[in-house]
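The values are calculated or read from the model by the stated rules, or taken from the named source; none is laboratory data. What you are looking at is a predicted structure, and each value in this text was computed from that prediction instead of being measured. Positions of Cβ are generated from backbone atoms using ideal geometry, with glycine treated the same way; all protein chains shown enter the neighbour counts.
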Amino acid sequence: MGVILYKSFITVVNPGDRVARIRAQMLHVLYEIGREQFQFRLRYNGQYLRDAFYLEDYGIEANAVVKMVTFSDHRDDLSDIKSVTSSLTMNFDPEKEKIPSVKSALYFEVKHLNRRERIVQDMHTLMYIHSLTLILYVLTNHWYSIFWLLAYLIPMWYMIPGFTRIGGYIGNTFHRRYWFCGINGVIGLAIMAVAIFLTVDIIQDIVTDGCTNWEFEDGCSRRNVFSAFVFGFHAIVLLASNIVCALLLYSFRTEVGDVIERYLVQERDIEDVMKLARSTKTKDKRTAAYEMATMAASSDDNKFRIVAEGGLDVLISMTLCNDEPTQEYSLEALSELITIQSIQDNYVEMGGVRNLTALLHSSNSRVMQEAARALYAICQSDENRHAMAEDHGLTDLAHAARNGSMETQRMIASIFLELVFNSEIRAHLTTRNIPAQALVYLCRSNDPETLRYALLTLELLAIESSDVVCAQEDLLLILLELPIRMMDKKLSILAGKILLYFAEHDQSRDAMLSMSDLKESLLTFARSQDPVLQKVVVKIIFCMMDNKELKDRARRLRLQQVLTYCLDNAADRTVWDMADQGIQVINSDEDTFPALPVLSTFEKLSMGQNSNFGSRTSMRSRTSDSGSQRS
């Protein structure tokens, strides 16, 4: 279903259909409401859909809502990108147009469907004539012919399809339209042969009699003449019915969207597209960028064809132009191209990463999002992700984290997570404050995925250097408020694990004890009834009882009430034992302090892993990192 101009439209497609099928059906809807000039794209779950991909590739299921997004925010752009060719014609002839217009394909389908509607109407008219002939058969010499004519008409009237271009197929038996054509053809030819035979036989009687003096008697009786006329006329009608039936059978081969879909996913002539890309006209560049994005999304062969024609240099130059739609389409094409490792390596060597990070400062949110998407593809490679931490790359990522859309922020958070998996890059990130500040800003997001990526990254940074994470004063308040803001147990576990680093750090621990609502925040974590979170809460309180002064401050904050709650509502035996020991220590006037050992990095990482939280890749990476930390 697509949405445009605050309207919703319902389309019926199969899981095995391409995205182009939805676009084709929506083009027909726009044509009906007089908005065929409207140029749009489809977006689902924040991701733009490629015409050549299948619905299954995007996980689009029944009752899914797919948004229609205009090509550009500038009204002038709509008139420039109406078609790939400069002229719009009602004839769709790929042989005459090397890159035909999508509107030409639309008009071709509309014309084809209008023709089908007329053919179906003609077939209904012929069926009425057949019914009239049935009455005339009774008056002929061979009145028993009505029986085989009835055997022809009854199934035909039952299975004859109804069709209109706007409403589509009508009736309960339209799915049997091919059966209709087959039965109509076979029985119709048989009855036509009988009608011709009877016509010839009667005419022979008339000719033999000679109709002397035009006297209508004997062989030249009026009934014979009438019968010859009826059977002859009906033979002609049957011939017409078979011709119309053949036309219908041919027309049924093309359904709504077939021609448009073939156009949208067809192989373009790369040389013609590259000529447009090297043109000095903005419209030609924009068109070429969109065509290359479509081609690159269609197949890997197209990707190599584009690169072989110098497409990387051309796309890099187009991303630097002043036309935002051209930038957007060029970035889409690059995002598709660099999914091939060899192409990505070549692109990074050409300085493509610096180009992408610079585009993160674009005022166009879509350009920024596509640049982030391309950077995410690059950071998947262990060899190329280092280029992102060079020059001003981290500063550019931090800028996008603060100024990007929700989709861009989610992508930036995932990029930071991929970067932090590398030990060298992780060490470099801890030497600068900008990445940590950007991650703290991302933690304010209301998007669970963005928040999850940011918290996972901060956790790994804290493993490398807890000082850089604990220095973020705003992060402490964000973590303590997270259970109330998100109500997500898995995110709360991540927040609690990071809070442990704050509790173990001298300066940040003092800041925590200075917070008047610390008790309520910890109680919120404990009320989750999750054993991991309750252990985290107890261990945080244990860290605040390392000496007499800290224990006195913990008493004044009444943290013993939190321990009592954990004792009374313990999720497992370990939580009960830890809470019981904590109550004894905090209520004791003696200089007794907790005997629990400090958690190792591996223990902190393993907390909450039974909940299958995080991607498989991230879990493997965290396990490998934790192993290196233990060693």
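Tell me whether region 261-276 contains one or more residues that are in contact with a Leu (Cβ under 6 Å, 6 or more places away or on another chain) and either polar (S, T, N, Q) or surrounded by 15 or more Cβ atoms within 10 Å (Cβ to Cβ) (or both). Before you say what the answer is, go through the steps one by one.
In the first step, residues of region 261-276 are kept if they are in contact with a Leu (Cβ under 6 Å, 6 or more places away or on another chain); the result is none.
No, region 261-276 has no match at all.
So that you can scan it fast, the table gives a plain yes or no per residue for (1) buried (at least 21 other Cβ atoms within 10 Å of the Cβ); (2) under 38 Å from the mean Cα position of the chain (by Cα):
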site: P448; (1), (2): no, yes
site: T457; (1), (2): yes, yes
site: E464; (1), (2): no, yes
site: L482; (1), (2): yes, yes
site: A511; (1), (2): no, no
site: S514; (1), (2): no, no
Report task. Determine the pairs where a residue that is touching a residue at least 12 places away in the same chain (Cβ under 8 Å) and under 18 Å from A570 (Cβ atoms), located within region 511-532, has a partner that is buried (at least 18 other Cβ atoms within 10 Å of the Cβ) and polar (S, T, N, Q) with Cβ atoms under 9 Å apart, the partner being 6 or more residues away or on another chain. Result -> T524/S492; F525/S492; F525/Q534; A526/Q534; S528/S492; S528/Q534; D530/S492
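Go through region 1-30 residue by residue and tally those that are touching a residue at least 60 places away in the same chain (Cβ under 8 Å) and surrounded by fewer than 17 Cβ atoms within 10 Å (Cβ to Cβ). Lay out the reasoning, then the answer.
At the first step, the residues of region 1-30 found to be touching a residue at least 60 places away in the same chain (Cβ under 8 Å) are 1-4, 18, 20-21, 23-25, 27-28.
Next, only the ones that are surrounded by fewer than 17 Cβ atoms within 10 Å (Cβ to Cβ) stay: 1, 3.
Here the count works out to 2.
Going by what's in this entry, would R50 be described as touching a helix residue (DSSP H, G or I) at 6+ places or on another chain (Cβ under 7 Å), part of a helix (DSSP H, G or I), surrounded by 15 or more Cβ atoms within 10 Å (Cβ to Cβ) and not β-branched (V, I, T)?
Values: touching a helix residue (DSSP H, G or I) at 6+ places or on another chain (Cβ under 7 Å): yes; part of a helix (DSSP H, G or I): no; surrounded by 15 or more Cβ atoms within 10 Å (Cβ to Cβ): yes; not β-branched (V, I, T): yes.
So R50 fails the test.
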Query raised in the report: Quick one: which of R444, R485, R432 is free of Cβ contacts under 8 Å to residues at least 40 places away in the same chain and in the same structural domain as L533 (by TED's automatic domain parsing)?
Result: R485
Requested in this report: Mind listing whichever residues of region 395-409 are in contact with a helix residue (DSSP H, G or I) (Cβ under 6 Å, 6 or more places away or on another chain) and farther than 18 Å from L419 by Cα?
Outcome: R402, G404, S405, E407
Query raised in the report: If you go through region 363-373 one residue at a time, do you hit one that is buried (at least 24 other Cβ atoms within 10 Å of the Cβ), over 21 Å from the mean Cα position of the chain (by Cα) and in contact (Cβ under 8 Å) with a residue 24 or more places away in the chain?
Result: no
Report summary line: If you go through I166, I170, I135, the only one that is of a type in the set (A, V, I, L, M), surrounded by fewer than 18 Cβ atoms within 10 Å (Cβ to Cβ), closer than 28 Å to V12 by Cα and free of Cβ contacts under 8 Å to residues at least 12 places away in the same chain is I170
Requested in this report: Being at pLDDT 90 or above and β-branched (V, I, T) is the filter here, so list the residues in region 191-210 that pass it.
Outcome: I191, V194, I196, T199, V200
Query raised in the report: Where in region 214-317 are there helices (runs of 4 or more DSSP H), lying fully within it, with 2 or more residues that are more than 30 Å from D345 (Cβ to Cβ)?
Result: 222-251, 258-265, 282-298
Requested in this report: May I ask you to verify whether Q507 is part of a helix (DSSP H, G or I), over 26 Å from L458 (Cα atoms), of a type in the set (S, T, N, Q) and free of Cβ contacts under 8 Å to residues at least 40 places away in the same chain?
Outcome: no
